[in-house]
Each structure stands twice: as C-alpha cells, then as structure tokens.
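Below: one structure, written as structure tokens.
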Amino acid sequence: MIELAPPNESGCEMMKRIAKDLEKEIDRTGKRINELEEKIAALKAQANPDLKEIQALEKIVEQLQKKREEDQSSLSTLQDVITENC
C-alpha cells in the first residue's frame, strides 16, 4: 500500500518512498508465492489430490510471479532514475 505523500516532499524523496513501497510489495508477493507453492506441494502429496484446486493455485502463482517480475522491472527503472537525478 502506498502511503500519502507529505505536503512538502521533494521529487527525490517521493521516488525513494515509492521505491521503498515497491520493495515491500515485492517481498509480500514473494512470501505469498512461497505459501501457495507449499500448499500446492501439500495437496499433491495427498492420496487423492484435488487437481482443480491445484490447477487454480498454480494459475494464481503464475499471475503473482508475473506481477513480481513487473514490479521488479519497475523498481529497477525507478532506482536508475533516482541514481541519475538524486
């Protein structure tokens, strides 16, 4: 969740705050992916696994991985801008 900017925040301060928020979001997404992968492994280990649930969870993991990659790319670009301008 992105926090509201302080009223007198500079452009560099804003970019650094957004970068920090993006890092937190990437970490949260990674933890969620790990949780889901553990759940998938536990389901697959069952005698009669629910294949539809496994497939649904795998689809969610795939979407989260794509989101994390996009966020990492955005963060990298933002860090480059910060390095060049701040």
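The values are calculated or read from the model by the stated rules, or taken from the named source; none is laboratory data. These numbers come from a predicted model, not from an experiment. Because the Cβ atoms are built from the backbone with ideal geometry, glycine has one as well, and the counts that use them run over all protein chains shown.
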Looking only at segment 34-82, and only at residues there that are of a type in the set (Lys, Arg) and touching a residue at least 12 places away in the same chain (Cβ under 8 Å), the one that is surrounded by the most Cβ atoms within 10 Å (Cβ to Cβ): Arg68
Identity of the residue in segment 69-86, touching an Asp or Glu at 6+ places or on another chain (Cβ under 9 Å) and part of a helix (DSSP H, G or I), that ends up nearest to Met14 (Cα to Cα): Leu75
Selected residue [within 17 Å of the chain's Cα centre (by Cα) and modelled with pLDDT under 95] from Arg17, Arg68, Arg28, Arg32: Arg17
For Asn85, state whether it is out of contact with any Gly (no Cβ under 7 Å at 6 or more places or on another chain) and surrounded by 10 or more Cβ atoms within 10 Å (Cβ to Cβ). no
